[in-house]
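Down below is the structure, laid out as C-alpha coordinates.
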Amino acid sequence: VPCPEKSIAPAEALVLVNYYKGSLDAAQRDLPHYRYGLALALTRAGRPEEAMQVLGQLVREQPDVIAFGLGLAEAEATAGRHDLALRRLSALAHKHPGNKSVTIAYADELTYSATATAGREAIELLRPQLNRAPWDPLLQRSFARACELAGEEVRAGEAHAEVALRNGQFSD
(Lines give C-alpha, C1' and ligand atoms only; values in the text may rest on other atoms or scores of the structure.)
Protein backbone atom coordinates (compact mmCIF):
# COMPACT_ATOMS: atom_id res chain seq x y z
CA VAL A 1 0.00 0.00 0.00
CA PRO A 2 1.63 3.27 -1.07
CA CYS A 3 2.00 6.05 1.45
CA PRO A 4 -0.22 9.07 0.72
CA GLU A 5 2.79 11.30 0.10
CA LYS A 6 3.95 8.89 -2.60
CA SER A 7 0.61 8.79 -4.41
CA ILE A 8 1.13 12.03 -6.34
CA ALA A 9 0.40 11.72 -10.05
CA PRO A 10 3.35 12.02 -12.43
CA ALA A 11 1.78 15.06 -14.11
CA GLU A 12 1.47 16.80 -10.75
CA ALA A 13 5.04 15.80 -9.94
CA LEU A 14 6.22 17.49 -13.15
CA VAL A 15 4.59 20.71 -11.96
CA LEU A 16 6.62 20.37 -8.76
CA VAL A 17 9.81 19.65 -10.72
CA ASN A 18 9.31 22.90 -12.65
CA TYR A 19 8.52 24.78 -9.46
CA TYR A 20 11.69 23.64 -7.70
CA LYS A 21 13.87 24.20 -10.76
CA GLY A 22 12.43 27.71 -11.08
CA SER A 23 12.94 28.38 -7.39
CA LEU A 24 16.56 27.29 -7.58
CA ASP A 25 17.14 29.49 -10.62
CA ALA A 26 15.34 32.48 -9.08
CA ALA A 27 17.26 32.24 -5.81
CA GLN A 28 20.51 31.95 -7.72
CA ARG A 29 21.71 29.95 -4.75
CA ASP A 30 22.05 26.25 -4.34
CA LEU A 31 19.66 25.74 -1.43
CA PRO A 32 19.64 22.17 -0.05
CA HIS A 33 15.93 22.17 0.81
CA TYR A 34 15.01 23.16 -2.75
CA ARG A 35 17.30 20.49 -4.18
CA TYR A 36 15.70 17.96 -1.83
CA GLY A 37 12.21 18.99 -2.98
CA LEU A 38 13.34 18.79 -6.60
CA ALA A 39 14.73 15.30 -6.07
CA LEU A 40 11.53 14.04 -4.43
CA ALA A 41 9.49 15.52 -7.28
CA LEU A 42 11.81 13.89 -9.83
CA THR A 43 11.33 10.53 -8.14
CA ARG A 44 7.53 10.91 -8.16
CA ALA A 45 7.66 12.06 -11.79
CA GLY A 46 9.32 8.77 -12.79
CA ARG A 47 12.81 10.23 -13.15
CA PRO A 48 14.61 8.48 -10.28
CA GLU A 49 18.02 8.46 -11.97
CA GLU A 50 18.06 12.26 -11.98
CA ALA A 51 16.83 12.27 -8.39
CA MET A 52 19.66 9.92 -7.40
CA GLN A 53 22.21 12.41 -8.74
CA VAL A 54 20.72 15.30 -6.77
CA LEU A 55 20.26 13.29 -3.58
CA GLY A 56 23.66 11.63 -3.88
CA GLN A 57 25.25 15.07 -3.84
CA LEU A 58 23.13 16.13 -0.85
CA VAL A 59 24.11 12.97 1.07
CA ARG A 60 27.79 13.61 0.33
CA GLU A 61 27.48 17.23 1.53
CA GLN A 62 25.36 16.47 4.61
CA PRO A 63 25.59 12.77 5.49
CA ASP A 64 23.85 13.19 8.85
CA VAL A 65 20.57 14.45 7.39
CA ILE A 66 18.34 11.39 7.58
CA ALA A 67 15.79 12.74 5.09
CA PHE A 68 18.42 12.95 2.36
CA GLY A 69 19.44 9.31 2.89
CA LEU A 70 15.82 8.16 2.95
CA GLY A 71 15.08 10.12 -0.22
CA LEU A 72 18.07 8.57 -1.96
CA ALA A 73 16.99 5.07 -0.90
CA GLU A 74 13.51 5.76 -2.27
CA ALA A 75 14.93 6.97 -5.58
CA GLU A 76 17.18 3.91 -5.78
CA ALA A 77 14.24 1.59 -5.13
CA THR A 78 12.09 3.42 -7.67
CA ALA A 79 14.89 2.99 -10.21
CA GLY A 80 14.87 -0.75 -9.51
CA ARG A 81 18.14 -0.62 -7.57
CA HIS A 82 16.75 -2.45 -4.54
CA ASP A 83 20.18 -3.80 -3.59
CA LEU A 84 21.48 -0.23 -3.19
CA ALA A 85 18.37 0.88 -1.33
CA LEU A 86 18.64 -2.04 1.11
CA ARG A 87 22.31 -1.34 1.82
CA ARG A 88 21.62 2.35 2.34
CA LEU A 89 18.66 1.67 4.64
CA SER A 90 20.63 -0.91 6.61
CA ALA A 91 23.40 1.64 7.16
CA LEU A 92 20.86 4.29 8.20
CA ALA A 93 19.21 1.84 10.62
CA HIS A 94 22.56 1.07 12.23
CA LYS A 95 23.51 4.74 12.41
CA HIS A 96 20.09 5.87 13.70
CA PRO A 97 18.65 2.97 15.71
CA GLY A 98 15.10 3.54 16.81
CA ASN A 99 14.33 6.17 14.17
CA LYS A 100 10.74 5.40 13.14
CA SER A 101 11.04 6.70 9.56
CA VAL A 102 14.21 4.72 8.92
CA THR A 103 12.74 1.59 10.49
CA ILE A 104 9.57 1.73 8.39
CA ALA A 105 11.46 2.44 5.17
CA TYR A 106 13.92 -0.39 5.83
CA ALA A 107 11.16 -2.86 6.76
CA ASP A 108 9.14 -1.91 3.69
CA GLU A 109 12.14 -2.34 1.42
CA LEU A 110 12.87 -5.72 2.99
CA THR A 111 9.33 -6.87 2.31
CA TYR A 112 9.67 -5.86 -1.34
CA SER A 113 11.62 -9.07 -1.90
CA ALA A 114 8.51 -11.00 -0.76
CA THR A 115 10.43 -13.74 1.05
CA ALA A 116 9.64 -15.28 4.43
CA THR A 117 13.18 -14.52 5.62
CA ALA A 118 12.81 -10.84 4.75
CA GLY A 119 9.42 -10.82 6.48
CA ARG A 120 10.93 -12.22 9.68
CA GLU A 121 13.76 -9.68 9.56
CA ALA A 122 11.26 -6.85 9.07
CA ILE A 123 9.20 -8.12 12.02
CA GLU A 124 12.27 -7.95 14.25
CA LEU A 125 12.98 -4.40 13.11
CA LEU A 126 9.42 -3.24 13.70
CA ARG A 127 8.68 -4.92 17.04
CA PRO A 128 10.57 -2.41 19.24
CA GLN A 129 8.84 0.47 17.46
CA LEU A 130 5.43 -1.16 17.89
CA ASN A 131 6.10 -1.64 21.59
CA ARG A 132 6.59 2.14 21.87
CA ALA A 133 3.77 3.19 19.54
CA PRO A 134 1.22 0.40 18.97
CA TRP A 135 -1.36 2.99 17.82
CA ASP A 136 0.70 4.05 14.78
CA PRO A 137 -1.04 2.88 11.57
CA LEU A 138 2.14 3.18 9.45
CA LEU A 139 3.99 0.84 11.79
CA GLN A 140 1.02 -1.52 11.92
CA ARG A 141 0.73 -1.57 8.11
CA SER A 142 4.41 -2.44 7.69
CA PHE A 143 4.15 -5.03 10.46
CA ALA A 144 1.09 -6.60 8.78
CA ARG A 145 2.94 -7.00 5.47
CA ALA A 146 5.99 -8.46 7.21
CA CYS A 147 3.81 -10.93 9.12
CA GLU A 148 2.07 -11.98 5.90
CA LEU A 149 5.43 -12.80 4.31
CA ALA A 150 6.67 -14.60 7.41
CA GLY A 151 3.56 -16.79 7.40
CA GLU A 152 2.11 -15.31 10.60
CA GLU A 153 -1.45 -14.90 9.31
CA VAL A 154 -3.06 -14.25 12.71
CA ARG A 155 -0.62 -11.46 13.60
CA ALA A 156 -1.01 -10.04 10.10
CA GLY A 157 -4.79 -9.99 10.51
CA GLU A 158 -4.49 -8.28 13.89
CA ALA A 159 -2.19 -5.64 12.45
CA HIS A 160 -4.50 -5.02 9.48
CA ALA A 161 -7.40 -4.66 11.92
CA GLU A 162 -5.38 -2.12 13.93
CA VAL A 163 -4.73 -0.11 10.76
CA ALA A 164 -8.43 -0.10 9.90
CA LEU A 165 -9.35 0.86 13.48
CA ARG A 166 -6.80 3.67 13.64
CA ASN A 167 -7.96 5.01 10.28
CA GLY A 168 -11.61 5.03 11.39
CA GLN A 169 -12.64 2.20 9.06
CA PHE A 170 -14.49 0.21 11.70
CA SER A 171 -16.34 -2.03 9.24
CA ASP A 172 -13.02 -3.23 7.81
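The values are calculated or read from the model by the stated rules, or taken from the named source; none is laboratory data. The structure presented is a predicted model; accordingly, all values stated were derived computationally and were not measured. Every residue, glycine among them, receives a Cβ derived from its backbone with ideal geometry; neighbour counts consider all protein chains shown. Surface accessibility is based on the protein's heavy atoms, side chains included, excluding ligands, DNA and RNA. Shrake-Rupley method; radii C 1.70, N 1.55, O 1.52, S 1.80 Å.
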With a 1.4 Å probe and every protein chain left in place, tell me how much accessible area E12 has, in Å² to the nearest 10. 100
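Quick one: length gained pulling Q62 to V15 fully straight, 0.36 nm per residue minus the C-alpha distance? Write out the running numbers ahead of the final one.
On the way: separation 47, 0.36 × 47 = 16.92 nm, distance 2.69 nm.
Here the segment from Q62 to V15 would lengthen by 14.2 nm.
Rounded to the nearest 0.05, what FRET efficiency do H96 and L138 have when you use their Cβ-Cβ distance and R0 = 22 Å? Before the final figure, lay out the partial values.
Working: r = 17 Å, r/R0 = 0.77.
The computed FRET efficiency comes out at 0.85.
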Helix 82-95 sits at what angle to the longest principal axis of the chain, using alpha carbons and giving 0 to 90 degrees rounded to 10? 80
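Report, please, the projected area of region 69-168 averaged over directions, based on the convex hull of its C-alpha atoms, in nm².
Values: hull surface 23.6 nm².
If I average the Cα hull's projected area over directions, I get 5.9 nm².
I'd like the carbon and sulfur percentage of the solvent accessible area for the chain, probe radius 1.4 Å, heavy atoms only, ligands and nucleic acids excluded. Before the final figure, lay out the partial values.
On the way: 5090 of 9360 Å².
Taking all protein chains in place, the chain shows 54 percent carbon and sulfur surface.
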With Cα extents along the principal axes in Å as the read-out, I listed (1) 55, 35, 27; (2) 108, 40, 30; (3) 40, 33, 29; which label goes with the value calculated from this structure? (1)
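Accessible area per residue, 1.4 Å probe, Å², for the chain: what's the number?
Value for the chain: 54 Å² per residue.
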MRE, 222 nm, helices only [DSSP H, n ≥ 4, -39500 (n - 2.57), over the chain, to nearest 500]: -24500 deg cm²/dmol
